[in-house]
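Have a look at the structure below, then the notes.
The values are calculated or read from the model by the stated rules, or taken from the named source; none is laboratory data. Quick caveat: nothing in here was measured; it's all calculated off a predicted structure. Glycine gets a Cβ as well: all are built from the backbone with ideal geometry, and neighbour counts include every protein chain shown.
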Amino acid sequence: MGEIKEEYDELTQKLADPELISCPEKLEELSKRYITLKKIIEKAEEIEEIKKNILENEEIIKAKEDIDLVNLAEEEIANLVLKKELLEKELETLTNGGDEQTPKRGPAIVEIRAGAGGEEAALFANDLFRMYSKYAQKMGWNLNILTSHQSSLRGLKEIIFEIKNGSAFSKMRYESGVHRIQRIPETEKSGRVHTSAATVAVLPKPSTAQIKINPQDLKIETFRASGPGGQLVNRRESAVRVTHLPTGIAVSSQQARTQVQNKEYALSILRARIMAMKLEEEAKKTSETRKKQIGSGDRSEKIRTYNFPQDRITDHRIKKSWHNIEKIMDGNLDQIIDELQKQLK
């Protein structure tokens, strides 16, 4: 712990240097390390304080002067031991390079699906994809579509894409949930405002080393691609469906022109879903407090409403609204994402 405190003190001095502002990448890197070290020190100090409280309660039990005090001390020790074990696990994951249960950084796989609202929901899903694409472009991220299915009016029933930049997941992770839109659809002749929804799931993209899949556990099928892509795509059985037999998770891709590339795309999505499933299982084993800290990312939660008649976007988790909806949906998400990172960490 001595080395960690020394590094923490050094970083405190470095971050006080005004010249660091001219190097934002270095500033971000040092700031993140500073926050991690601060958490490690705080948890270590909390553990030491708990140990002292346990010793004090043990002294009360040894004295045996008051049976009521002894009973209270025994109960207190049981609670303190449990709390100490949880803190020690959290401290271990932090000192080993981060929270293993909920990755904070790395590339991301984003899934957008049209929900309630028919064709208008599909158009909204397309608007969300455009918004994230523009945001990725502004951030200098590399975005690659893995699979997509269009609706009859060129909306999106579903689209899955990956963002390869290392900070993508940390920025995008709080977009998971149900996004609701209120506006007058282009097809609405009477001028009524409709409410539609789309779901967004943001998953950390694991490496092949993190999620190893036994080829014998896979059922791979090929079929003819449908939709846009040209005659070459549509004529050949280039689309691929991969089913992971142990979990029953099935993924398909028909975005690329070749079976090999579509198989790689499908496996990328499959690994992300298996990791997400494992993270969810781990979260269930932890305390309610812990789950609140890391967030479930449950896509059934209504997180945001895009109200076009009132020119307002409201995030229901932090109870905050922003105006100028067209500008935000043109990829200017910084103010929303920055606020979510501050309040939902």
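Overview of values
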| read-out | value |
| --- | --- |
| Neighbours by Cβ (under 7 Å, 6+ apart or cross-chain): first from the range 59-88, within 16 Å of Glu46 (Cβ to Cβ); second not in a helix (DSSP H, G or I) | Leu86/Ser287 |
| Matching entry among Glu90, Glu65 (being of a type in the set (Asp, Glu), surrounded by 15 or more Cβ atoms within 10 Å (Cβ to Cβ) and at pLDDT below 85) | Glu90 |
| Verdict on Phe129 being surrounded by fewer than 23 Cβ atoms within 10 Å (Cβ to Cβ), in the same structural domain as Glu326 (by TED's automatic domain parsing) and under 16 Å from the mean Cα position of the chain (by Cα) | no |
| The range 147-164, residues that are aliphatic (A, V, I, L, M) and over 18 Å from the mean Cα position of the chain (by Cα) | Leu153, Leu156 |
| Tally of residues being assigned to a helix (DSSP H, G or I) and loosely packed, with under 12 Cβ neighbours inside 10 Å across the range 7-18 | 3 |
| Residue ID - modelled with the highest pLDDT, chosen from residues in the range 145-179 that are among the hydroxyl-bearing types (Ser, Thr, Tyr) and assigned to a helix (DSSP H, G or I) | Tyr174 |
| Residue satisfying condition, being part of a strand (DSSP E or B) and either under 27 Å from Ile181 (Cβ atoms) or modelled with pLDDT of 85 or more (or both), within set Ile318, Ile269, Ile313 | Ile313 |
| Among residues of the range 299-335, those that are surrounded by 16 or more Cβ atoms within 10 Å (Cβ to Cβ) and under 17 Å from Gln137 (Cα atoms), counted | 5 |
| Of all residues making up the range 130-149, the number that are among the aliphatic types (A, V, I, L, M) and more than 24 Å from Ser252 (Cβ to Cβ) | 2 |
| Scope the range 1-42; condition hydrophobic (A, V, I, L, M, F, W, C) and in contact (Cβ under 8 Å) with a residue 12 or more places away in the chain; matching residues | Met1, Ile4, Leu11, Leu15, Leu27, Leu30, Leu37, Ile40, Ile41 |
| The listed residue being touching a helix residue (DSSP H, G or I) at 6+ places or on another chain (Cβ under 8 Å), in a helix (DSSP H, G or I) and under 28 Å from Leu87 (Cβ atoms), out of Ile21, Ile54, Ile35 | Ile54 |
| Unique residue being of a type in the set (Ser, Thr, Tyr) and at pLDDT 85 or above when the list is Thr102, Thr36, Thr12, Thr95 | Thr12 |
| Residue pairs meeting the criteria (Cβ under 8 Å; at least 6 apart or on separate chains; first within 19 Å of Pro107 (Cα to Cα), in the range 248-276; second part of a loop (DSSP other than H, G, I, E, B) and charged (D, E, K, R)) | Ser268/Lys205; Arg271/Lys205; Ala272/Lys205 |
| Residues that are free of Cβ contacts under 8 Å to residues at least 40 places away in the same chain and under 17 Å from Glu175 (Cα atoms), drawn from the range 318-333 | Ile318, Lys319, Lys320, Ser321, Trp322, Ile325 |
